[in-house]
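The values are calculated or read from the model by the stated rules, or taken from the named source; none is laboratory data. This structure is a prediction, so every number in the text was calculated from the model and none was measured. Every residue, glycine among them, receives a Cβ derived from its backbone with ideal geometry; neighbour counts consider all protein chains shown. Remember, those area values only see protein heavy atoms, side chains included, never the ligands or the DNA or RNA. Shrake-Rupley method; radii C 1.70, N 1.55, O 1.52, S 1.80 Å.
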Amino acid sequence: MKRIIASVLSVLLILSFTVITAFASSTDDAAEYYSIKTTIVNKCEAFASTDKVKKGSDETVTFTADGVDFINWEFYGEYEVIDGEVDADGISYDNVVILKPLSDIKAYAEGVLDESREGGIPVEYYRVSVEADPKDSGTVKADPAKVEKYSEDTVTFTAEDTDGYSFVKWEFTGEFDIVSGKFDDNGISTDKVVVVKPRSDVNGIASFEKVKAEEKNDTDKSSADEKGNTSTTSPKTGGSPLAVAVVMLTAVCAAAFAIKKIRE
């Protein structure tokens, strides 16, 4: 009977260490990625070696354009050039370019004129860019990154708060028509999402201000009281240091008791 009890306690000891290992491994954060989007303009064949790379890694992306129809690449985003020549405007005339992404990357492969277009008029675009002030204080984007000149295409500018910062306003340079959102006489908008119709190249600067600690705590508490837990992601299952210590202490006591019983 003593040996049976000792065996059971030994099994519990093994299971407890298995649980601790599971706690440790479950606390690893899910990998985050930079997205890689490739768009073909006019007539050519082009592609990227992957559509995403892990943030903080040394992974690279190879952009390849095939055939005589290719003219040039245009890259938007932050990156390190590993192979090929890319100028300050993100233009490259190399068929193959290798980049190490430091942000999401949008790549446009420009091809020869599509002869099916009426009149054979080359396609020209207004370029759209965004930035956050201060840098990395918020998430900003413009979709799409360019529109065909003299078209009725629109661009949506979106600003999102990040932890510790709060959105203040959009400021724009360039000419455009307002489609949605409220603007003052100086072209400033306090709406996080605005839609415009470019009439020239347009740059949008989203300003953010740092949130005071006490204001952030009050906001978090109020939000939790009103909404409860609305997260769509599974909570981390890693145990606290106290819980892990209790499990380990229980396992050690069980082992000591098992050894004592065997000796008796």
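Of all residues in the stretch 177-199, which are in a strand (DSSP E or B), in contact with a Lys or Arg (Cβ under 9 Å, 6 or more places away or on another chain) and open to solvent by 50 Å² or more (accessible area, probe 1.4 Å)? Break it down into steps so the answer makes sense when it comes.
Of the residues in the stretch 177-199, the ones in a strand (DSSP E or B) are 177-180, 188-189, 193-198.
Now drop any that are not in contact with a Lys or Arg (Cβ under 9 Å, 6 or more places away or on another chain), which leaves 177-179, 188-189, 194, 198.
Scanning the stretch 177-199 gives Asp177, Ile178, Val179.
With respect to Glu152, is the statement that it is closer than 30 Å to Ile40 by Cα and open to solvent by 60 Å² or more (accessible area, probe 1.4 Å) true? It is true that Glu152 is closer than 30 Å to Ile40 by Cα and open to solvent by 60 Å² or more (accessible area, probe 1.4 Å). If you go through the stretch 155-176 and keep only what is among the polar types (S, T, N, Q) and surrounded by 14 or more Cβ atoms within 10 Å (Cβ to Cβ), you end up with Thr156, Thr158, Ser166. Summed over the stretch 11-70, residues that are in contact with a helix residue (DSSP H, G or I) (Cβ under 9 Å, 6 or more places away or on another chain), at pLDDT 55 or above and either open to solvent by less than 60 Å² (accessible area, probe 1.4 Å) or assigned to a loop (DSSP other than H, G, I, E, B) (or both) total 1. Filtering the stretch 71-86 to residues that are surrounded by 13 or more Cβ atoms within 10 Å (Cβ to Cβ), free of Cβ contacts under 8 Å to residues at least 60 places away in the same chain, in contact with a Lys or Arg (Cβ under 9 Å, 6 or more places away or on another chain) and not in a loop (DSSP other than H, G, I, E, B) leaves Glu74, Phe75, Tyr79, Val81, Ile82.
Do you know which residues across the stretch 138-175 are part of a strand (DSSP E or B) and either β-branched (Val, Ile, Thr) or touching a Leu at 6+ places or on another chain (Cβ under 8 Å) (or both)?
Within the stretch 138-175, the subset part of a strand (DSSP E or B) is 138-143, 146-148, 155-161, 165-173.
Matches in the stretch 138-175: Thr139, Val140, Val147, Val155, Thr156, Thr158, Val168, Thr173.
Just wondering, is there one or more residues in the stretch 94-101 that are more than 24 Å from Val140 (Cβ to Cβ) and either assigned to a loop (DSSP other than H, G, I, E, B) or hydroxyl-bearing (Ser, Thr, Tyr) (or both)?
Taking every residue of the stretch 94-101 in turn, at least one turns out to be more than 24 Å from Val140 (Cβ to Cβ) and either assigned to a loop (DSSP other than H, G, I, E, B) or hydroxyl-bearing (Ser, Thr, Tyr) (or both).
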